[in-house]
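One structure is given here, and the rest of the page talks about it.
The values are calculated or read from the model by the stated rules, or taken from the named source; none is laboratory data. Quantities reported herein were computed from a predicted structural model and do not represent experimental measurements. Quick reminder, even Gly has a Cβ in these numbers, built from the backbone with ideal geometry, and neighbours come from all protein chains shown.
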Amino acid sequence: MSISTINKPLHGSQEWLNVRWRNEKNQARISASVAAVVHGEHRYKSTADLAVELLNDNPPNPTETNEAMERGNRLEPTLVAWVGDLLNVGVETPEVMYTYDVPGIRLIATLDGVTADGIPIEVKTSKKIWDGVLPREWYWQGVHQAICVGSDLIEWGILDGNLEFHRHTQVVSSDEKGLHLAACAEFLGAIDNGFLPENTVLNYSHIETMYPVQEAKTVEFDDEGRLLVADLVEVRAAQKALVEEEDRIKVSLGEILKDADTGVFNGKTLITWKTQTRTVFDSKKFELDHPVLAGKYKKRTEYKAMKPTKGDK
């Protein structure tokens with residue numbers, strides 16, 4: 001069958017991330033939380049982010065729990081039960097993960113809850129006010145879960161910024177499922193062949209992730225590579241010139257403002273120059289006062305620095 005279940009490791013653990021990343025055949029999977037990425041409709045994760053993650057030789061690592069994650073984790077069981085009360089049905093948190101697996105398409109979903117008759121329940125907390133419309137990453141998450149579970153409904157519970165709890169029923173059509181399956185097939189097709197999906201735009205952090213380890217070897221550049229190095233040198237020179245020009249302009253403005261904190265023109269405020277206060281941690285003084293303790297909190301990080309040379313080395 002295309003739909004099945006597997007045992008769920010501890011939510012958020014390395015084992016849980018591993019299962020979401022690849023199946024038992026070491027083939028890339030798409031999880032429900034990033035379903036919107038394949039449509040280019042996720043607010044926080046780009047196509048390149050997901051592609052690089054799935055093409056990487058190593059699975060993603062657990063991330064440090066932030067305030068939003070902590071809030072969601074603590075409230076999730078209560079909100080799932082609340083949805084069940086509103087529906088007047090029994091609910092439970094599944095001890096399994098749901099998968100959809102056919103040639104070329106591999107999907108996986110973790111459910112917050114499920115009703116006795118198999119309807120998925122998804123709960124969210126949000127600082128925004130609920131307007132009755134699912135954000136696109138939630139919408140595609142629901143479509144994805146419906147496919148993995150074999151349901152046409154997703155019951156949502158949303159605790160919004162007014163601390164009001166809303167129930168929302170998402171009805172998922174066969175056309176919506178087909179659209180998502182086609183997008184996932186195209187995305188995974190590229191990944192399976194070791195390529196980036198079409199229209200993927202990489203940034204420098206993606207390249208660093210893709211090639212984290214360096215070797216003591218050289219690459220012979222062609223004219224394109226040589227010109228790219230020249231472009232980098234030119235851009236960095238332009239950046240330096242802009243910083244210097246900004247400083248020159250601020251000096252001139254400071255000489256005009258002198259001890260005034262506001263500059264106006266025809267009664268309209270053009271610029272302010274006000275004293276700001278901030279508190280920073282004095283790491284140097286802490287290290288002098290508490291050298292042993294400071295040593296325990298030092299963290300070594302590695303990064304690759306790209307430095308053009310003068311071409312004579």
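Summary table below
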| item | result |
| --- | --- |
| Matching entry among L75, L10 (being in the same structural domain as M97 (by TED's automatic domain parsing), of a type in the set (A, V, I, L, M, F, W, C) and surrounded by fewer than 15 Cβ atoms within 10 Å (Cβ to Cβ)) | L10 |
| Of all residues making up the stretch 212-271, the number that are under 31 Å from the mean Cα position of the chain (by Cα) and either of a type in the set (D, E, K, R) or assigned to a strand (DSSP E or B) (or both) | 3 |
| Within the stretch 1-109, helices (runs of 4 or more DSSP H) holding 3 or more residues that are β-branched (V, I, T) | 67-87 |
| Residue satisfying condition, being aliphatic (A, V, I, L, M), surrounded by 13 or more Cβ atoms within 10 Å (Cβ to Cβ), modelled with pLDDT of 95 or more and farther than 27 Å from E24 by Cα, within set L107, L87, L153 | L153 |
| Cross-chain or 6+ apart pairs with Cβ under 6 Å, the stretch 86-105 first and within 27 Å of H166 (Cβ to Cβ), then surrounded by 13 or more Cβ atoms within 10 Å (Cβ to Cβ) and of a type in the set (S, T, N, Q) | V89/T115; V91/T115; M97/T110; Y98/T5 |
| Every pair of residues 6+ apart whose Cβ atoms lie under 9 Å, when the first sits in the stretch 186-201 and is exposed (fewer than 10 other Cβ atoms within 10 Å of the Cβ) while the second is in a loop (DSSP other than H, G, I, E, B) | N199/G40; V201/S46 |
| Number of the condition not met by L288 [criteria: (1) assigned to a loop (DSSP other than H, G, I, E, B); (2) within 39 Å of the chain's Cα centre (by Cα); (3) surrounded by 10 or more Cβ atoms within 10 Å (Cβ to Cβ)] | (1) |
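Residue-wise test of (1) among the hydrophobic types (A, V, I, L, M, F, W, C); (2) surrounded by 10 or more Cβ atoms within 10 Å (Cβ to Cβ); (3) under 21 Å from D57 (Cα atoms).
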| position | (1), (2), (3) |
| --- | --- |
| I207 | yes, yes, yes |
| V213 | yes, no, yes |
| V229 | yes, yes, no |
| L232 | yes, yes, no |
| K250 | no, yes, no |
| L253 | yes, yes, no |
| K258 | no, no, no |
| D261 | no, yes, no |
